[in-house]
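Presented below is the structure to which this report refers.
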């Protein structure tokens, strides 16, 4: 008999939360910046995109150096397709946690990535674990705007009291908070602003524990 979950719906980020696509993204971003402006060390770039976003980095560099932002974005996309493996690394326990939630409730995906996210999930046999998927192709405002979460809630009749937004950046947490759902910050590397998340996990298997125990009342950031 399966244990009951307090939370039953999960809205997942993709890059850096379910799949470690950052190596390919960093290589593409680093080369783009080198071609248009000047190189930035990848460890510094990684910290910047974890704390903000790739778009923010490109916009900042373009504005500072009077560069063509759209040309930079196009080049970044071309290089990312080139450097991203067909099957990026899945974070440990991601598949198991998705299955456990799917058995009791529903998983949803909200990513700034295009429909390639669905291709990655399909390649890994994980697409059937998701009830709904929102990508950049759906043209919702970007995180931390909560419009996409609210659209999922309305379309699928979700109860916000038992719904959790899970991601590896502060914009994921902020979007969830603005939408009025619970939030989990995936702190895989110690970067990003964890303040305000209902829970912080360093391994995805801790998500299951949070769903079971309703969090830790003594320390809201214990997980």
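The values are calculated or read from the model by the stated rules, or taken from the named source; none is laboratory data. Note that the coordinates shown come from a computational prediction; the quantities given were computed from them, not determined experimentally. Every residue, glycine as well, gets a Cβ built from its backbone with ideal geometry; the counts of neighbours run over all protein chains shown.
Remarks
- When each of 29, 121 is tested for being farther than 24 Å from residue 203 by Cβ, in contact with a helix residue (DSSP H, G or I) (Cβ under 7 Å, 6 or more places away or on another chain) and surrounded by 20 or more Cβ atoms within 10 Å (Cβ to Cβ), the lone residue that passes is 29.
- So residue 161, is it out of contact with any helix residue (DSSP H, G or I) (no Cβ under 8 Å at 6 or more places or on another chain), without any contact (Cβ under 8 Å) to a residue 24 or more places away in the chain and surrounded by fewer than 16 Cβ atoms within 10 Å (Cβ to Cβ): yes
- Residues (in a helix (DSSP H, G or I), within 17 Å of the chain's Cα centre (by Cα) and closer than 20 Å to residue 75 by Cβ) located in the range 33-55: 46, 48, 49, 54, 55
- Yes/no for residue 92 being part of a loop (DSSP other than H, G, I, E, B), under 16 Å from the mean Cα position of the chain (by Cα) and over 27 Å from residue 33 (Cα atoms): yes
- Residue 86 part of a loop (DSSP other than H, G, I, E, B), more than 18 Å from the chain's Cα centre (by Cα) and farther than 20 Å from residue 139 by Cα: yes
- Residue in the range 194-210 that is at pLDDT below 85, in the same structural domain as residue 161 (by TED's automatic domain parsing) and assigned to a loop (DSSP other than H, G, I, E, B) present: yes
- Of the residues 32, 21, 17, 52, the single one that is at pLDDT 95 or above and more than 22 Å from residue 121 (Cβ to Cβ) is 32.
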